[in-house]
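Participant: Dumping the structure here so I can ask a few things about it.
What follows draws every value from the coordinates through simple rules; no lab data is involved. Because the structure is a prediction, the values reported are computed rather than measured. All Cβ positions, even for glycine, are placed from backbone atoms using ideal geometry, and neighbour counts span all protein chains on display.
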Amino acid sequence: MNEKQVKILFVIAALYDGILGIAFILFATEIFAFHAVEPPNHMAYVQFPALLLLIFAAMFYRISTDPLKYRELILYGCGLKFSYCILAFGYQITTDIPFMWIPWAWMDVVFLVLFIIAWRSLSEQASTA
């Protein structure tokens with residue numbers, strides 16, 4: 001993956017997590033209702049992770065501005081994506097989780113794989129420079 005592709009990847013990741021974060025801050029009740037899922041007893045349980053998504057969106061945008069310089073931040077993005085996947089799929093396998101969370105987990109699998117590829121490519125570029 002070349003540097004231009006990495007920049008595009010992280011702009012897309014920033015938009016994805018940013019839009020998802022804003023959606024859950026502003027429209028959490030409607031999202032839960034659309035999926036016929038009972039919301040938690042307080043919206044702070046949803047809004048705090050949504051704000052974290054906005055923080056990660058800002059970090060992903062920062063990575064896109066200079067992927068070589070900020071390549072170590074990619075590992076934090078990998079941690080975010082891995083954490084969500086392991087929880088969503090873990091609960092799907094062991095107990096239960098509303099289906100509304102599963103498509104986002106599959107998207108995070110895609111991002112995780114692409115982030116790892118990007119990090120490895122940038123690490124190789126950095127070592128040859």
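Participant: In nm, what is the difference between 0.36 nm times the number of residues separating Met100 and Met43 and their Cα-Cα distance? Can you show the working numbers first?
Facilitator: Values: separation 57, 0.36 × 57 = 20.52 nm, distance 1.69 nm.
Once the chain is fully extended between Met100 and Met43, it gains 18.8 nm.
Participant: Another question, then. If one takes the longest principal axis of the Cα atoms in the chain, at what angle in degrees, from 0 to 90 and to the nearest 10, does the Cα axis of helix 3-34 lie?
Facilitator: Helix 3-34 sits at roughly 10 degrees to that axis.
Participant: In straight Cα distance, which lysines are under 18 Å from Lys69, not counting same-chain residues fewer than 8 positions off?
Facilitator: Once the sequence-local lysines are set aside, what remains near Lys69 is Lys4, Lys7.
Participant: Which aspartates and glutamates, if any, have their Cα less than 19 Å from the Cα of Lys81, not counting same-chain residues under 8 positions apart?
Facilitator: Asp17, Glu72, Asp108
Participant: Along the Cα→Cβ direction, 7 angstrom out, place labels at Ser123 and Tyr76. What is the inter-label distance in nm?
Facilitator: The answer from the label model is 1.9 nm.
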